[in-house]
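Just below is one structure, and these are the notes that go with it.
The values are calculated or read from the model by the stated rules, or taken from the named source; none is laboratory data. Since we're looking at a predicted model, the values are computed, not measured. Keep in mind that these areas ignore ligands, DNA and RNA; they rest on the heavy atoms of the full protein, side chains included. Shrake-Rupley method; radii C 1.70, N 1.55, O 1.52, S 1.80 Å.
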Amino acid sequence: MTDTFEAVAGLVAAGQVVVLSGAGLSTESGIPDYRGPSGVAHRHTPMTYQTFTGDPAARRRYWARSHLGWRLVARSAPNAGHQAVARLQRAGLVTGIITQNVDGLHGAAGSDRVVELHGRLDRVVCLDCGDRTGRDDLDRRLRAANPGFVARAGAVNPDGDVELGDAQVAEFRTVDCGACGTGMLKPDVVFFGETVPAPRVASCFDLVGRARAVLVLGSSLTVMSGRRFVIRAAKLGIPVGIVNQGPTRGDGYAHARLDAPLGVALPALADRVTAAVPAAAARPVEVPAAG
């Protein structure tokens, strides 16, 4: 493995790159990651699907915390790293983006060929009737159901909730599906213990299989949900580049690695590799539906 900026730049400059991004890409937008320098894994246990669906008290705690955390996520803006990825895509060097993030910041930065592996926090799904609505609609309904809820939010967690005391949670009221009237609402994201939809996974494997290189950005690759695409690339002989602060579980598969802040490294990388790309080279690339 080569540990230099130039080696990573060389992989990207060749084009047909698939980006695999993680929470570390969004830290400079105010959303912490779990395991990097701003990681919160040591003090925050993410909600599991089994607990959410099986424990009404845990579900109320989640929605109380997420109700406040969503406001912070909704105000977050793409940072220089997201913008750099969008520049690489417009230049025709990045053919697709697989993101493990649920914040929607790739799209907000202008990227338009993104598979959101774990879903999006700005959507809500009914587990009974399947109706999907925007998070803003749920936010209005929760505000109406909790007119006196004045809890103060602290730092937002990567999955969009915040820390709240038991007394604050106890006074919070949840709401049911507005379409069927009784269904259980869940953010349209993949919780721990839940399975990513198979068609979405298949589209990601297809992207990787057609890539000339895979570029991992801001992910420790601790969870197999993302690491499997790096493993697949390695099995196919497709080179892998990693830009991340700190070690990752994919380092053994990497051809090139850069340990640096993404908000600094990615703009510099985009400057370097797009300087020689003519405008005519920036062409849209068809990507399979995420499912």
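Values for this structure:
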quantity	calculated
Residue-level accessible surface for residue 184, protein heavy atoms, 1.4 Å, Å²	50 Å²
Square roots of 5 times each gyration tensor eigenvalue, C-alpha, the stretch 57-124, largest first, Å	28, 13, 7
Order of exposure, largest accessible area first, which applies to 137, 271, 103 with probe 1.4 Å	271, 137, 103
Solvent-accessible area of residue 49 with every protein chain in place, 1.4 Å probe, in Å² to the nearest 10	70 Å²
Full-extension gain in nm, residue 176 to residue 74, via 0.36 nm per residue minus C-alpha separation	34.5 nm
Fraction of accessible area attributable to carbon and sulfur, the stretch 77-137 (%, probe 1.4 Å)	43 percent
Part-to-part distance (alpha-carbon centres) for the stretch 60-122 and the stretch 255-270, which is given in Å	19 Å
Within the accessible area of the stretch 217-281 (1.4 Å probe), percent carbon and sulfur	58 percent
More than 16 angstrom apart: percent of Cα pairs within the stretch 171-275	68 percent
